[in-house]
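Below: the structure, in structure tokens.
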Amino acid sequence: MGALHAGHASLLRKARRLAGAKGRVVASIFINPTQFGPKEDFSRYPRTFGADCRLCREEGVDIVFHPTVEGMYPEGYSTYVDETRISLSLCGKSRPGHFRGVCTVVLKLFNIIQPEVAVFGAKDYQQAAIIQKMTRDLNLGTRIVVVPTVREEDGLALSSRNRYLTPEERAQAPVIRRALLLAAGAKDRAPGDLARLVRREIAKARLGKIDYVEVLDAATLEAPGSATRKLVIACAVYFERTRLIDNVVRKG
């Protein structure tokens with residue numbers, strides 16, 4: 001959605017390697033209004049298109065696709081895409097309608113660009129899982145590649161929204177990563193215990209307000225069961241109006 005940073009650069013570099021010297025890399029930059037709720041930050045989301053294009057050029061991008069809202073959603077537009085299983089938890093639960101907007105715009109971008117491979121970041125764990133499932137369910141033929149999260153030295157996951165943080169909020173925000181790693185390293189704990197561990201650690205950050213902390217089956221994004229092989233421990237935390245998400249995956 002623009003406001004590109006080193007995390008996006010890692011996606012572009014991965015795409016360039018996958019495409020090879022003779023392939024083409026397309027970066028779509030589009031702040032998608034349909035994935036924002038009525039009280040969310042669409043109007044103030046950072047818009048840095050000139051800098052975004054420079055970064056794309058530096059990372060070997062051949063084409064930047066930058067459509068208008070009117071071009072993507074012309075007057076009378078009324079067709080949307082819903083994933084109805086793994087979108088029910090995490091951000092799908094706390095942001096109703098968010099993933100309908102994500103699936104709709106990604107399907108439109110895939111239809112327009114026709115990529116053989118599309119690259120997404122692991123920070124948005126649920127988004128990547130939903131896009132992978134939509135691609136399989138709708139027989140799109142695009143291979144989805146997920147790239148590890150890029151972090152600051154103190155562990156905070158890179159995000160375009162980090163620029164909203166005040167200096168004091170920024171100093172406290174790494175508690176998210178610390179809490180997740182604490183839970184990831186806790187052995188022989190039930191999922192509920194792991195979630196409580198994360199909550200207790202995040203509560204040490206005075207300015208942080210937890211949106212959710214969930215421990216789920218990493219494959220199904222449902223409650224863990226006897227067949228669970230890996231867990232995803234995921235959380236969303238508000239620092240005033242800035243909502244940050246992160247996750248860690250561990251053996252179940």
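The values are calculated or read from the model by the stated rules, or taken from the named source; none is laboratory data. This one's a predicted model, so the numbers in the text were calculated from it and none came from an experiment. Because the Cβ atoms are built from the backbone with ideal geometry, glycine has one as well, and the counts that use them run over all protein chains shown.
Listing for the model above:
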item	result
Options Val150, Val106, Val117: the member that is out of contact with any strand residue (DSSP E or B) (no Cβ under 6 Å at 6 or more places or on another chain), surrounded by fewer than 21 Cβ atoms within 10 Å (Cβ to Cβ) and at pLDDT 95 or above	Val150
Qualifying residue in the stretch 121-130 (condition: more than 20 Å from Arg100 (Cα to Cα) and either of a type outside the set (A, V, I, L, M, F, W, C) or at pLDDT below 95 (or both))	no
Answer from Gly23, Gly37, Gly76 - the residue that is in a loop (DSSP other than H, G, I, E, B), closer than 23 Å to Val147 by Cα and small (Gly, Ala, Ser)	Gly23
Residues of the stretch 61-109 satisfying the condition of being without any contact (Cβ under 8 Å) to a residue 40 or more places away in the chain, of a type in the set (Gly, Ala, Ser) and under 20 Å from Pro38 (Cα atoms)	Gly76, Ser78, Gly92
Total residues in the stretch 196-218, condition touching a strand residue (DSSP E or B) at 6+ places or on another chain (Cβ under 6 Å) and buried (at least 19 other Cβ atoms within 10 Å of the Cβ)	8
Selected residue [surrounded by 14 or more Cβ atoms within 10 Å (Cβ to Cβ) and small (Gly, Ala, Ser)] from Gly60, Gly50, Gly37	Gly60
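Rundown of residues vs (1) under 15 Å from the mean Cα position of the chain (by Cα); (2) small (Gly, Ala, Ser); (3) over 26 Å from Arg16 (Cα atoms), yes/no style:
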residue: Leu55; (1), (2), (3): no, no, no
residue: Ile63; (1), (2), (3): no, no, no
residue: His66; (1), (2), (3): no, no, no
residue: Val69; (1), (2), (3): no, no, yes
residue: Gly76; (1), (2), (3): no, yes, yes
residue: Glu83; (1), (2), (3): no, no, yes
residue: Ile86; (1), (2), (3): yes, no, yes
residue: Leu90; (1), (2), (3): yes, no, yes
residue: Cys103; (1), (2), (3): yes, no, no
